[in-house]
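Visitor: What follows is a structure written as structure tokens; I'll ask about it next.
The values are calculated or read from the model by the stated rules, or taken from the named source; none is laboratory data. This structure is a prediction, so every number in the text was calculated from the model and none was measured. Counting neighbours? That spans all protein chains shown, and the Cβs are built from the backbone with ideal geometry, glycine included. Surface accessibility is based on the protein's heavy atoms, side chains included, excluding ligands, DNA and RNA. Shrake-Rupley method; radii C 1.70, N 1.55, O 1.52, S 1.80 Å.
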Amino acid sequence: MTFKRKPVVAGNWKMNGLKEEGIELARGVVEGSSDLNCEIIVCPSFPLLHPVSEVLENDVKLGAQDCHFEPGGAYTGDVAVSMLVDANCSHVILGHSERRADHGETDDIVKAKAEAAYAAGLVAIICVGETQEQRDQGLTMATISTQLDASVPNEATAENTIIAYEPVWAIGTGLTATPEDAQDVHDHIRTYLKTSHSYEVTEAMRILYGGSMKPENASDLLAQPDIDGGLIGGAALNADSFLAIAKAASDL
Ligand code: PGA
């Protein structure tokens, strides 16, 4: 059986933009997205979720950049999954390397967050990726396997989970994995997930590439058989460049 995976292009706005800028960016994405044949998600910072949700149309979806795994309580500075649902989110990015490095997020925490996301009906975008040091030591595949093992819940399906491969050395640096190198890792991810999840789930699951993806390199990356879209940082802060990547994904 062959599986046709619908491409996904997700914009990770990170800690950028005030309300009016977020609304303008979201409007630009909505306007240019009507005839694109891919799933489009924008992921603004927490304070922008509500205002951005009010201008989303054309099936452009809303994602958050993190959540807590507890349903509520004394967790200063954290945000519960129910709050994300209340803000009209359908997706949440989990285990981004900036969260792992700057906030001590372990694979176990990422998994607990993913389980909380599933319980709330959110799709978890679970990020994995190796550092430059791990890459230099030839530990790319081993690092990815360990992260997948410990951060992807057993209940993960193609409907509730998207995997994002984001080599840490490529994020925000202008360096990009070559399409062939990225494909090797994506193939590894899909193959490795088959050891813990069913063939059907794994074949249908979308695996995104992230790390300096931009209009100039998107088509070559997206042409790879196991690259099903992109998680885009810098290039998602401009509607035209984000839409150019979405168009490349849609043309596949
Ligand atoms: P970048 O970020 O596109 O700016 O490299 C990607 C990400 O961190 O999700």
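Visitor: Please enumerate the residues belonging to the range 132-155 that are assigned to a loop (DSSP other than H, G, I, E, B), open to solvent by 70 Å² or more (accessible area, probe 1.4 Å) and in contact (Cβ under 8 Å) with a residue 24 or more places away in the chain.
Guide: Correct list: N154, E155.
Visitor: For K4, work out the one condition from (1) open to solvent by 20 Å² or more (accessible area, probe 1.4 Å); (2) over 20 Å from D86 (Cα atoms); (3) within 16 Å of the ligand (Cβ to nearest atom) it doesn't fulfil.
Guide: Against the list (1) open to solvent by 20 Å² or more (accessible area, probe 1.4 Å); (2) over 20 Å from D86 (Cα atoms); (3) within 16 Å of the ligand (Cβ to nearest atom), K4 comes up short only on (3).
Visitor: Could I ask something else about it? Just one of (1) over 24 Å from V168 (Cβ atoms); (2) of a type in the set (G, A, S); (3) within 14 Å of the ligand (Cβ to nearest atom) trips up A204, so point out which.
Guide: The number of the failed condition is (3).
Visitor: Look at the range 113-131 and say how many of its residues are assigned to a helix (DSSP H, G or I) and either open to solvent by 30 Å² or more (accessible area, probe 1.4 Å) or closer than 23 Å to P7 by Cβ (or both).
Guide: Within the range 113-131, residues that are assigned to a helix (DSSP H, G or I) and either open to solvent by 30 Å² or more (accessible area, probe 1.4 Å) or closer than 23 Å to P7 by Cβ (or both) number 5.
Visitor: A follow-up question, please. Kindly indicate which of D78, D107 is of a type in the set (D, E), in contact (Cβ under 8 Å) with a residue 40 or more places away in the chain, away from the ligand (no atom under 16 Å from the Cβ) and open to solvent by less than 80 Å² (accessible area, probe 1.4 Å).
Guide: D107
Visitor: If you don't mind, another one. For the range 175-185, indicate whether the set of residues that are touching a Phe, Trp or Tyr at 6+ places or on another chain (Cβ under 8 Å), modelled with pLDDT under 95 and either within 16 Å of the ligand (Cβ to nearest atom) or not aliphatic (A, V, I, L, M) (or both) is non-empty.
Guide: Yes, the conditions are met somewhere in the range 175-185.
Visitor: Within the range 146-162, how many residues turn out to be among the hydrophobic types (A, V, I, L, M, F, W, C) and touching a helix residue (DSSP H, G or I) at 6+ places or on another chain (Cβ under 6 Å)?
Guide: 3
Visitor: If you check S212 against the conditions, is it within 16 Å of the ligand (Cβ to nearest atom) and polar (S, T, N, Q)?
Guide: yes
Visitor: Mind checking which residues of the range 156-201 are open to solvent by 50 Å² or more (accessible area, probe 1.4 Å) and among the aromatic types (F, W, Y)?
Guide: Y192, Y199
Visitor: I'm trying to understand the selection: among the residues of the range 68-105, which are touching a strand residue (DSSP E or B) at 6+ places or on another chain (Cβ under 8 Å) and either among the β-branched types (V, I, T) or at pLDDT below 95 (or both)?
Guide: If the condition is that a residue be touching a strand residue (DSSP E or B) at 6+ places or on another chain (Cβ under 8 Å) and either among the β-branched types (V, I, T) or at pLDDT below 95 (or both), then V79, V81, V92, I93 are the ones that fit.
A quick yes/no check of all residues on (1) surrounded by 17 or more Cβ atoms within 10 Å (Cβ to Cβ); (2) over 25 Å from L148 (Cα atoms); (3) touching a helix residue (DSSP H, G or I) at 6+ places or on another chain (Cβ under 8 Å):
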| residue | (1), (2), (3) |
| --- | --- |
| R206 | yes, no, no |
| M213 | yes, no, yes |
| L221 | yes, no, yes |
| P225 | no, no, yes |
| L231 | yes, no, no |
| L237 | yes, yes, yes |
| F242 | yes, yes, yes |
